[in-house]
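Working notes for the structure below.
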Amino acid sequence: MEKEYNPKEFEEKWYKYWEENKLFKAEDFSKKPKFYILVMFPYPSGSGLHVGHCRNYIPADTYARYKRMQGFNVLHPIGYDAFGLPAENYAIEHGVHPKESTYKNIENFRRQLKMLGLSYDWDREFATSDPEYYKWTEWFFELLFKRGLAYQDRSFQWWCPHCKTVLANEQIIDGKCWRCGTPVVKKELKEWFFRITQYADKLLEGLDRIDWPERIKSMQKNWIGRSEGAEIIFKGIGPDGTEYDLPVFTTRIDTIFGVTFLAIAPEHPLVMKLTREDKVEEVKKYIEEALRKFETERLSTEKEKTGVFTGCFARNPFTNELVPIYVGDYVVYSYGTGAVMGVPAHDERDFQFAKKHNLPIKVVISKDGNPVETLEEAFTEDGILINSNGFSGLKSDEARKQLTKYAEESGFGKGVVRYKIRDWLISRQRYWGAPIPIIHCPEHGAVPVPEEELPVLLPDEVDFTPRDTGESPLANNPDFVNTTCPLCGKPSKRETDTQDGFACSSWYFLRYADPHNDKAPFDKEKIKYWLPVDLYIGGAEHAVMHLLYSRFYTKVMYDAGLIDFDEPFKKLLNQGMILGADHQKMSKSRGNVVNPDDVIKEYGADTLRAYILFIGPLDTDAPWSTEGINGVNRFIKRMWNLFIQLENKSIGKEKPIEKEIELMTDKMIVKITEQVEKFKFNTMISSFMEWLNFLSKIMQEDPEVMETKAFRESVLTFLTMIAPATPFVSEELYHRLGETGSIHTKEWPKPKGIYKEEYVTIIVQVNGKLRDKIEVEAGSELEDVLDLVKKSDKIARLGIDFDKAKYIFVKDKLINIVA
RNA sequence: GCGGGAGUGGCGGAACGGCAGACGCGCUGGAUUCAGGUUCCAGUAGGGCGACCUGUGAGGGUUCAAAUCCCUCCUCCCGCACCA
């Protein structure tokens, strides 16, 4: 047989063997403890799997294989997030039906995933575009609809002119479409929304109970944007004396006595009603300009605060004082009430605005409660109230409570909680998505399709060219559109928008527990057994998209009694990116893309796997390096070349060095187990390198060690432990060494713990500085160590007075002499 | 501005109160080779002939002992941002 390392010879063979023997099958209701490890499923693009996927899937697979060896019943599934725009765009360009290209791409993905040796339970594979799956995506839409969480609304929405569809707020990154990067525009359309805002508090609260990266939690907190404050109704007085309610939202009601003006957003509906005749022209001009520069300049924080006086005043209900009303474009209409109270002394923006317009600055909070003469800048911290009538002397937080209470009792205000998060816009004007199962009846309005008629199938024969009109391609298929009302039978029209792809991916992790169920989205008992997901690995780019939506779906299902947990992913890890060799993000245009197929062709899958693990900590970005992968390939080859020499070798005579080998083996078992547990795969590979260097060295010193029991056992332990990382070469060598059965069904080695080191190296410090290292018997006490230290030349020449010195002693580790 | 994270050799990175630079790359020298590649051996933070000294973004502190903990600051990355 071949003695050279030639991965092509055995990688495919072993994968087939594993599949045929169902090594990776997750068994429902097994007595073993369960472990559900999930990776974010891929969008099956035409360009196939890239190394970015590898950075996620290889460590996850290594951990899954490790858990199996630890005796867990592991659920490690894969599927495809198959609905989406690129398939449709490809179809338009090349005239291939999205269904055809999608399923062709999936085949390619499957081939690549297997080539990488990923240990998925293939019996649970599905794509979100399978009718058997999207039937239940539609069913969940109806669940939300029936629970009052899905509704239609006509309003201005973000529209991507390239993708020709509306998008949810979460899917706009820096004013651009998250998928294609085209700047989005506002378009008025009637769209479907999910009431995610109703779950804002629950989504916030749940974050405290899950083991997720702080970064992601903080992004979600930020996005939800909860702020507690009060709404106070000022009375705006029109030119003719008419009073209008002008509510303002503030988190600093404790500064209410410092209000010296009011500012309202240019879009505010009361603007013109609160403008005096002589100011109308000026105000109109200002509003026009403000609205024109709207989307771009108004986003800038640095911009000077501008505004114009409307000529009208408002009454502060706490003081009955009249303050001027300004229109200012720094007031955001969509947040709060679109009107703010101006407190120059205690808000930076108001301070700037007041300076510019010569408005009074009234100090009502000071650090210590003493009067303050002048302010150089706004004092924005909490403090003690002054000049605040009966509330003077109170601390800010206490004052907020009392003032809110006072406003509520007096009927001109109340405590409120505001959120930044908006409802989730889920309709998309595209063909390749899950249909929204709604029928529009002239009499009954939006009626859900009866459950027994689901799924509403996507028709194949459609001109799916998207339009600029905001109408879905499905609208042009009369056979699809025209139907009858399920309630009254009158001619009605089907909803033609499809659902956001994120709706499909918001529940897929549940379907893996019961992927072939045609009676329900899943069996409750199976969900109870498998869920929640114990470990979820995926990119941070989904922080406020997929990860927020999935949590929302889970909470809705929990409230509906379908599941008994309300957080889907117990632990989350974000893998870092693989950058190009130039430290730049990989992209076709930069020409720095690495293709896994090419890498496997050149080095084999195990080298790619080991390199991806070795490249750096799981959660940090790392540049691809051709020299780097060469180094790892050398390691795999060295491992092969050393271990293959044991082929057909039997156990010979005992050798004294065996004890040292056993000691090393035991040490490595402990070290590597800890590294896998902590997902430190980069140092795990280093440990294998150290171990190999050790075995290689003693073998060179005396080739006969190969015939010792300890050496052979060390090699087998090595192979067993590296098997999760490099499954093919481990399996091949295992069999070449005469072992039977798959290495992947073996138990993860446990340290024997019987060998203690007889001698240990003790660090000798003098005044905290390293001066010597000495060998002592393990377990030696201070006195014995000190005797040896005194004999050391390096220590003796320092002339230490040992009687006066103080000693810090850590057994078997260190002695520090403080002289 | 707010929130999160990170600054360690020529490079990727270890160590996360107790030997700074594990492991790998690269580089230097040597062996093998007609040669290139491969493979193997030795060396590789800086300074000094040396014993030693200096070094983990900067400065201070806690400690017998700090890359690691605390404070002040600087730089970079990510997210949010006129949110009242």
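The values are calculated or read from the model by the stated rules, or taken from the named source; none is laboratory data. Since we're looking at a predicted model, the values are computed, not measured. Neighbour counts run over all protein chains shown; Cβ positions are idealised from the backbone, glycine included. What goes into the accessible areas is simple: the full protein's heavy atoms, side chains included, and nothing from ligands, DNA or RNA. Shrake-Rupley method; radii C 1.70, N 1.55, O 1.52, S 1.80 Å.
Annotations
- Complete set of residues in the range A:202-222 that are open to solvent by 20 Å² or more (accessible area, probe 1.4 Å) and either assigned by TED's automatic domain parsing to the domain that holds A:Ile173 or more than 11 Å from RNA strand B (Cβ to nearest atom) (or both): A:Lys202, A:Leu204, A:Glu205, A:Asp208, A:Arg209, A:Asp211
- If you check A:Phe257, A:Phe234 for being within 14 Å of RNA strand B (Cβ to nearest atom), buried (at least 18 other Cβ atoms within 10 Å of the Cβ) and in the same structural domain as A:Gly383 (by TED's automatic domain parsing), only one passes: A:Phe234.
- Entry remark, the range A:309-354: residues being over 26 Å from A:Ser410 (Cα atoms) and either away from RNA strand B (no atom under 13 Å from the Cβ) or open to solvent by 40 Å² or more (accessible area, probe 1.4 Å) (or both) number 11 in total.
- Flag for A:Pro617 being within 12 Å of RNA strand B (Cβ to nearest atom) and part of a loop (DSSP other than H, G, I, E, B): yes
- Complete set of residues in the range A:135-162 that are assigned to a helix (DSSP H, G or I) and in contact with a Cys (Cβ under 7 Å, 6 or more places away or on another chain): A:Thr137
- Residue match in the range A:5-20 (condition: touching a strand residue (DSSP E or B) at 6+ places or on another chain (Cβ under 9 Å) and open to solvent by 10 Å² or more (accessible area, probe 1.4 Å)): no
- Residues of the range A:261-272 that are of a type outside the set (Gly, Ala, Ser), within 13 Å of RNA strand B (Cβ to nearest atom) and touching a helix residue (DSSP H, G or I) at 6+ places or on another chain (Cβ under 8 Å): A:Phe261, A:Ile264, A:Pro266, A:Glu267.
- Looking across the range A:260-286, the residues that are open to solvent by 60 Å² or more (accessible area, probe 1.4 Å) and assigned to a helix (DSSP H, G or I) come down to A:Met272, A:Lys273, A:Glu277, A:Asp278, A:Glu281, A:Glu282, A:Lys284, A:Lys285.
- Of the residues making up the range A:470-486, those that are under 20 Å from A:Ala91 (Cβ atoms) and open to solvent by 70 Å² or more (accessible area, probe 1.4 Å) are A:Glu471, A:Asn476, A:Asp479.
- Screening the range A:722-776 for residues that are part of a strand (DSSP E or B) and away from RNA strand B (no atom under 12 Å from the Cβ) and picking the one that is surrounded by the fewest Cβ atoms within 10 Å (Cβ to Cβ) gives A:Tyr759.
- Flag if A:Arg110 is surrounded by fewer than 20 Cβ atoms within 10 Å (Cβ to Cβ), free of Cβ contacts under 8 Å to residues at least 60 places away in the same chain and in contact with a helix residue (DSSP H, G or I) (Cβ under 9 Å, 6 or more places away or on another chain): yes
- Search result, residues across the range A:421-450 that are out of contact with any helix residue (DSSP H, G or I) (no Cβ under 7 Å at 6 or more places or on another chain), over 30 Å from A:Ala91 (Cα atoms) and either free of Cβ contacts under 8 Å to residues at least 12 places away in the same chain or part of a loop (DSSP other than H, G, I, E, B) (or both): A:Pro442, A:Glu443, A:His444, A:Gly445, A:Pro450
- Of the criteria (1) assigned to a helix (DSSP H, G or I); (2) open to solvent by 10 Å² or more (accessible area, probe 1.4 Å); (3) more than 10 Å from RNA strand B (Cβ to nearest atom); (4) closer than 27 Å to A:Ile612 by Cα, which one A:Phe679 fails: (1)
- Residues (of a type in the set (Phe, Trp, Tyr) and part of a loop (DSSP other than H, G, I, E, B)) located in the range A:31-51: A:Phe41, A:Tyr43
- Being touching a residue at least 40 places away in the same chain (Cβ under 8 Å), within 9 Å of RNA strand B (Cβ to nearest atom), of a type in the set (A, V, I, L, M) and assigned by TED's automatic domain parsing to the domain that holds A:Ala725 holds for only one residue in A:Met689, A:Met668, and it is A:Met689.
- Counting the residues of the range A:356-368 that are modelled with pLDDT of 90 or more, surrounded by fewer than 18 Cβ atoms within 10 Å (Cβ to Cβ) and part of a helix (DSSP H, G or I) gives 0.
- The range A:532-561, subset hydrophobic (A, V, I, L, M, F, W, C) and in contact with a strand residue (DSSP E or B) (Cβ under 7 Å, 6 or more places away or on another chain), residue most open to solvent (accessible area, probe 1.4 Å): A:Ala540
- Flag for A:Gln700 being within 22 Å of A:Tyr5 (Cα to Cα) and more than 10 Å from RNA strand B (Cβ to nearest atom): no
- Per-region count, the range A:237-253, residues assigned to a loop (DSSP other than H, G, I, E, B) and within 16 Å of RNA strand B (Cβ to nearest atom): 2
- Some residue of the range A:322-335 being among the acidic types (Asp, Glu) and closer than 22 Å to A:Pro247 by Cα: yes
- Given (1) free of Cβ contacts under 8 Å to residues at least 40 places away in the same chain; (2) farther than 30 Å from A:His583 by Cβ; (3) assigned to a helix (DSSP H, G or I), index of the condition A:Gly631 fails: (2)
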